[in-house]
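The values are calculated or read from the model by the stated rules, or taken from the named source; none is laboratory data. The structure displayed is predicted, hence computed values, not measured ones. Cβ coordinates were reconstructed from backbone atoms using ideal geometry, including for glycine residues, and neighbour counts include every protein chain displayed.
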Amino acid sequence: MDYQVEDYRDIAKRLRERLELETDMVAIRFIKDVSEIPEGFVRPLRDTGKKMTLCMAIGSSRREGIKYAMTAYDNPCVINAVQGWTKAPLRTLVKSQVDNHWQKDFLSMIRGNVQRLRMGAIRGQWPFSRFLGYKGFLVSPLSDTPFIPDTVQIYAYPEQIAHVCHSFSYEGKHVPRSVLTGYAESCFAGALFPFKAKNPIFVILGMGDRALGGVKKYEVGMGMPASLVFDLDKNLFKAGAEHNLLNYLENPPTEVDEDLLPGWRDVQQKSKY
């Protein structure tokens, strides 16, 4: 089904209400030329005189509603090379990862990249991403997006993300994956990976997100191919609806089928103290 911009805006508002999200969902669209940047988008270096990391732009967009156009010109982070926006040599990535002690050594870095390739997002992994031709991305609150996004990211409590996982797993079609490096989580794992892998990707949110992007200690996230937000809404709260543990605790039945709810009696007993 071909969804329109209005459909994405509406589903963002609906999902924020249903999941009780603290902030808006984020829409991301990759661009190949600055001519694709719409009017009204902030280009950090041009418009503010300061560069801004991708995670900072994402954080500001979801909390403050500001729309950003991010390119290598605006972003000081080495993620430019990982995204393929610059033709930086391998030593740039080595300096970032090994010299700054994010990885033990060069072999560890290569080994980790091979593991990520096995996740399925081969064309989204450096150095393959440099051949995609993208030069930046647009980021906007999903509820006010002026474009049809490539990727949507959601930031929430672990419990809320658990409901998101349940929804994607309900039909067995879009079971979430994860990379979990602890860095480049929202800008790479949550933005580019879902776009190229065509699967939702759980992100624990990295050090950049937490030091620069203003992510709360309790927040985790999920990046997904944009159209999957409609699948998320369709199956939300269906998993386990007939045998929800909290419903049993609040309204204990007179008889319990322990095959359907193993361990219920133990939980009920503990809840008395």
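Here are the numbers:
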read-out: Looking only at the range 92-116, and only at residues there that are within 19 Å of N199 (Cβ to Cβ) and either at pLDDT below 70 or surrounded by 13 or more Cβ atoms within 10 Å (Cβ to Cβ) (or both), the one that is farthest from the chain's Cα centre (by Cα); value: N113
read-out: The range 35-57, subset out of contact with any strand residue (DSSP E or B) (no Cβ under 6 Å at 6 or more places or on another chain), surrounded by 17 or more Cβ atoms within 10 Å (Cβ to Cβ) and not hydrophobic (A, V, I, L, M, F, W, C), residue nearest to L205 (Cα to Cα); value: T53
read-out: Unmet requirement for F30, which otherwise passes all of (1) touching a Lys or Arg at 6+ places or on another chain (Cβ under 9 Å); (2) assigned to a loop (DSSP other than H, G, I, E, B); (3) over 15 Å from E219 (Cβ atoms); value: (2)
read-out: Helices (runs of 4 or more DSSP H) enclosed by the range 190-236 - at least 1 residues per element that are within 15 Å of S167 (Cα to Cα) and of a type in the set (D, E, K, R); value: 228-235
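Here is a yes/no grid of residues against (1) assigned to a loop (DSSP other than H, G, I, E, B); (2) touching an Asp or Glu at 6+ places or on another chain (Cβ under 7 Å); (3) at pLDDT 95 or above; (4) closer than 21 Å to R43 by Cα:
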{"site": "R130", "(1), (2), (3), (4)": "no, no, no, no"}
{"site": "Y134", "(1), (2), (3), (4)": "yes, no, no, yes"}
{"site": "P149", "(1), (2), (3), (4)": "yes, no, yes, yes"}
{"site": "V152", "(1), (2), (3), (4)": "no, no, yes, yes"}
{"site": "C187", "(1), (2), (3), (4)": "no, no, no, yes"}
